[in-house]
Structure formats: structure tokens, C-alpha cells
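K.L.:
Dropping the structure in here first, questions after.
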Amino acid sequence: MIEQKPAGRLILGAALYAATCLNAVAQTPKNPHSGEKIGTVEQVYDGALLPDDAVATFRNIDRLFPTRVVKAGGRPSELPRSEKQLVNVSFKIGDESYDLHDFMALDSITALLVLKDGKIAYETYQRGNTEDTRWMSMSVAKSITSTLTGIAIKDGLISGLDAQVVDYVPALEGSAYDGVTVRDVLMMSSGVKWNETYTDPGSDRRALLKAQISQEPGSAMKLMASLPRAAEPGTVNTYSTGETQVLGEIVRGAIRKPLSEYLSEKIWRPAGMESDATWWLDSPDGVEIGGSGISATLRDYGRFGLFFLNEAKVDGISALPDGWVAEASQPTKLKNGETLDYGYMWWTGWTEPSINDKAFAAIGIHGQNIYINPAKNVVIVTFGAQSKPTGKEPIDPLEFFDAVAEELN
């Protein structure tokens, strides 16, 4: 049996943990799966959970760390059923043929939502998940933090993409982040040395996880400030979850309020989310984890996809700077002119159809996806429970998403 431990294998301390639990009981929205036994956060990143244990853990991540609630507005936007429903879809990868059922089974998908023209063309919940299930985002949260950055720029709270990181995060003054801009961080091109290997206990990514487990205020920025520079800012792209924690600290320093509150104010309520979400904190009542830890329902992830697809417009006015969606979601360029197949913490398409349609995606380990295809007005969301953080997707999800978009076109 998997032992339930609130913060990985580390117990925060009796008094601190008791206070955290009381706070969580008072604030955290009801979880229909809260009685399940779950694994530890280290097992999540090690890829060391059996299938049922992984499912239970991924829909209970608000029990792994203290969280802050992202409040919904109480007036959910409608997601009507489309007259044209997706029944199945067939596609080929090389000489192999697949369909929707293969994708669900082989890629360990536990929920799938397909929106066409803002209407539900397909929706299914597997492995005991329901419409009320809140599932982990993992790195899908990076794209949400990136969007909050754009909104803070539009609000005049961040001076622009060329703003200096240390102007908003004083803890990084004198570190390798001196001279790094907000744009550099959004493109993961700060030049700061980083090893993202999830399953390597000695990697920088696992060091950041240990800082999170410690629940000591400021420990994440202490780690980021200790890292050496490997290249000049803006010249090399290195995928780094640490970079998204820095981005979260930039936004927090600019808005001077919790990211969860800003997310509720600027996206969750205006976009008409149906349910409250939760977001991991670096310490009790601390800063949100910029690169992971959001837990939300399938339809609300879909609503976020629609919100971004529609230029973050509310009553005809965009919450984002002019041109942000196109700039953030398409290939970017380093200072040397090299093109990156990566936007502002959004993954750009890598298959021929997705490139042609300028489709892009928010992607998280273990099979989390929000795919957005502006040419065909399609948004697809998946919950995944794959056995390892990466490398265990027999079917490239973009191949499936492209086929679905074409089928519904």
C-alpha cells in the first residue's frame, strides 16, 4: 500500500504541518477523491508509481504540498455540445495505423476533451475520473504563468519584455540572473546552467524539488541564485523548470499579490471557470510554484485554452498586449538569429499539419496537454497517467491531435 505523506517524504514539523492542514481544510475546494491513498512527490518524478497509485496521486496533488485556492466566479461559461460529435478518428504514423481507442490506451489517457468552435465534440473520463476531478497540470502551469506575465505587462506592472529580472526579484541580484531580461526567461534562454533530468536525484530539477519539499521561504530563489552562468543571456535555449519559478517570482514581485489571486482576477473569473482550482506553494502562505502544481478540472483547462485562443478577450477587450498570442505561441529567435521551436513557455507544433496550422500546446510530464489549433478552431485537453515523466508515449500526441482537428474540420 502506498503511504500518504503530505509533502513527499519530508514531514514539515508537527506544529507547522498541523497549521497547514487546518488552513487547507478551511480553503481547499472539495475533492471527490480525497479518501484515496496516494504516493509521494519523489515517486511522481522517479516514475515509480503503479498505475492505480499514479491515478490516485495525480488527482490528489493538493495533498502533497500546501496550496492556495484559485477562486472561480460562480457563473461558468457555457460549453454546449457540438452538433457534430467525434466518434472515432483513424491516422497513421509511418506504417502503423491507430485510432482514438489506441491513443487512449497506449498513452495512458485518463480524460479527454475536444472543443470545436467552442463546443464539446468529445468528452470522456476514465479510471474513475469525473467532471469534478481536479488533475495535476505539471508543466502546463508554465504556459499559465507565461500568460500572467503578459497580462502584468498589459497592466503596466512589468515594464516590458526587456525588463530586468533583478528589478522584480531582488534575491537574484549579483547572481547569474543579473543582466537577464523577462524575454530571456520566457524563452528559457537566460544562459544560466541547468539540468532538467526528472529522474536524476542529482539534477538541478530535483534540487529545486528538494527546495520545495523543505517548505522554507526563499529556498527556491536561494538555489537559483547559486547557479553558474553557462552562456550569455539570450544565446542558448535550455529547458528549465527553475526558469519558470523565477518567472513566477517576477510576476509576484510586480503585482505584489499572490499569483493565485491574480490568476483568479484576470483569467479564472473572466473566462467563466466552473470550479475553483488549487496551486502549490513554495512554503506555507508563500509563493506559487511557477512551473507546476496547478490542479483543475478538464473543462476548466479547456476554457483556459479557449481564453488564450480568443486573445484573452473579455467583452471585446484583450487582457494581453497586442500580438501577444501570436508571439508567445510561435517560434522565437535567439540573439544570434537561431530559431527556436519554442515560444514564451508554449511548445510550437512539430508535425507538418500543426506547423501549417500554427498549432501549439501547453505540455506537462506524464501526459498532460492543452493543444490549440487556431486555423481549425480546436482545443484539446488530456489528462495522462503515464508510467514515467517523459519518454513513455507510444503515440506522439500531436499526431492524434492533428488527426482530430482534421476530422472535425
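The values are calculated or read from the model by the stated rules, or taken from the named source; none is laboratory data. Just so it is clear, the structure is predicted and the values come from calculations on it, not from any experiment. Cβ: placed from backbone, ideal geometry, glycine included. Neighbour counts: every protein chain shown.
K.L.:
Regarding Ile151, is this residue assigned to a helix (DSSP H, G or I), under 15 Å from Glu243 (Cα atoms) and of a type outside the set (S, T, N, Q)?
P.N.:
no
K.L.:
Can you tell me which residues in segment 264-285 are within 24 Å of Ala211 (Cα to Cα) and touching an Asp or Glu at 6+ places or on another chain (Cβ under 9 Å)?
P.N.:
Hits for segment 264-285 are Ala277, Thr278, Trp279, Trp280, Leu281, Asp282, Ser283.
K.L.:
Which of the following residues is surrounded by 19 or more Cβ atoms within 10 Å (Cβ to Cβ), within 21 Å of Ser190 (Cβ to Cβ) and of a type in the set (Val, Ile, Thr): Thr382, Thr339, Thr348?
P.N.:
Unique residue meeting the criteria: Thr348.
K.L.:
Oh, and also: From the list Lys266, Lys257, exactly one residue is outside any loop (DSSP other than H, G, I, E, B) and either surrounded by fewer than 22 Cβ atoms within 10 Å (Cβ to Cβ) or out of contact with any strand residue (DSSP E or B) (no Cβ under 7 Å at 6 or more places or on another chain) (or both). Which is it?
P.N.:
Lys266
K.L.:
Can you tell me which residue among Thr57, Thr20 is among the hydroxyl-bearing types (Ser, Thr, Tyr), under 23 Å from Trp279 (Cα atoms), in a helix (DSSP H, G or I) and at pLDDT below 95?
P.N.:
Only one candidate passes the filter, namely Thr20.
K.L.:
Let me ask something else about it. Do the conditions hold for Ser77, that is, is it at pLDDT 95 or above and in a loop (DSSP other than H, G, I, E, B)? Write out each step before concluding.
P.N.:
Values: at pLDDT 95 or above: yes; in a loop (DSSP other than H, G, I, E, B): yes.
Criteria met by Ser77.
The rows are residues; the columns are (1) surrounded by 15 or more Cβ atoms within 10 Å (Cβ to Cβ); (2) on the phi < 0 side of the Ramachandran plot.
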{"residue": "Asp282", "(1), (2)": "yes, yes"}
{"residue": "Tyr301", "(1), (2)": "yes, yes"}
{"residue": "Phe307", "(1), (2)": "yes, yes"}
{"residue": "Asn310", "(1), (2)": "yes, yes"}
{"residue": "Asp315", "(1), (2)": "no, no"}
{"residue": "Ala326", "(1), (2)": "no, yes"}
{"residue": "Thr332", "(1), (2)": "yes, yes"}
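K.L.:
For segment 351-379, which positions are among the polar types (S, T, N, Q) and surrounded by fewer than 24 Cβ atoms within 10 Å (Cβ to Cβ)?
P.N.:
Thr351, Ser354, Asn356, Asn377
K.L.:
Name the residues in segment 165-216 that are under 24 Å from Glu42 (Cβ atoms), outside any loop (DSSP other than H, G, I, E, B) and either among the charged types (D, E, K, R) or in contact with a Lys or Arg (Cβ under 9 Å, 6 or more places away or on another chain) (or both), would you? Even if it seems obvious, please write down each step before you answer.
P.N.:
So the first thing to find is which residues in segment 165-216 are under 24 Å from Glu42 (Cβ atoms), and the list is 193-216.
Cutting the leftovers down to outside any loop (DSSP other than H, G, I, E, B) gives us 204-214.
Hits for segment 165-216 are Asp204, Arg205, Arg206, Lys210, Ala211, Ile213.
K.L.:
Among the residues of segment 320-352, count how many are in contact with a Pro (Cβ under 7 Å, 6 or more places away or on another chain) and among the aliphatic types (A, V, I, L, M).
P.N.:
Count: 1.
K.L.:
Would you say Leu86 is outside any strand (DSSP E or B), buried (at least 20 other Cβ atoms within 10 Å of the Cβ), in contact (Cβ under 8 Å) with a residue 40 or more places away in the chain and at negative phi?
P.N.:
No; evaluated as a whole, the condition is false for this residue.
K.L.:
Restricting segment 64-74 to residues that are touching a Leu at 6+ places or on another chain (Cβ under 7 Å) and either without any contact (Cβ under 8 Å) to a residue 60 or more places away in the chain or not in a loop (DSSP other than H, G, I, E, B) (or both), which is farthest from Tyr45 (Cα to Cα)?
P.N.:
Only one residue fits best here, namely Val70.
K.L.:
Right, something else. Would you mind finding the one in Asp396, Asp402 that is of a type in the set (D, E, K, R), at negative phi, in contact (Cβ under 8 Å) with a residue 60 or more places away in the chain and buried (at least 21 other Cβ atoms within 10 Å of the Cβ)?
P.N.:
Of Asp396, Asp402, the one residue that is of a type in the set (D, E, K, R), at negative phi, in contact (Cβ under 8 Å) with a residue 60 or more places away in the chain and buried (at least 21 other Cβ atoms within 10 Å of the Cβ) is Asp402.
K.L.:
Please state which one of Thr238, Thr278, Thr244 is in contact with a Phe, Trp or Tyr (Cβ under 7 Å, 6 or more places away or on another chain) and hydroxyl-bearing (Ser, Thr, Tyr).
P.N.:
Thr238
K.L.:
What do you reckon, is Tyr262 out of contact with any helix residue (DSSP H, G or I) (no Cβ under 6 Å at 6 or more places or on another chain) and among the aromatic types (Phe, Trp, Tyr)?
P.N.:
no
K.L.:
For segment 56-68, check the following and say yes or no: at least one residue is surrounded by fewer than 16 Cβ atoms within 10 Å (Cβ to Cβ), more than 25 Å from Tyr122 (Cβ to Cβ) and of a type in the set (A, V, I, L, M, F, W, C).
P.N.:
No, because not a single residue in segment 56-68 is surrounded by fewer than 16 Cβ atoms within 10 Å (Cβ to Cβ), more than 25 Å from Tyr122 (Cβ to Cβ) and of a type in the set (A, V, I, L, M, F, W, C).
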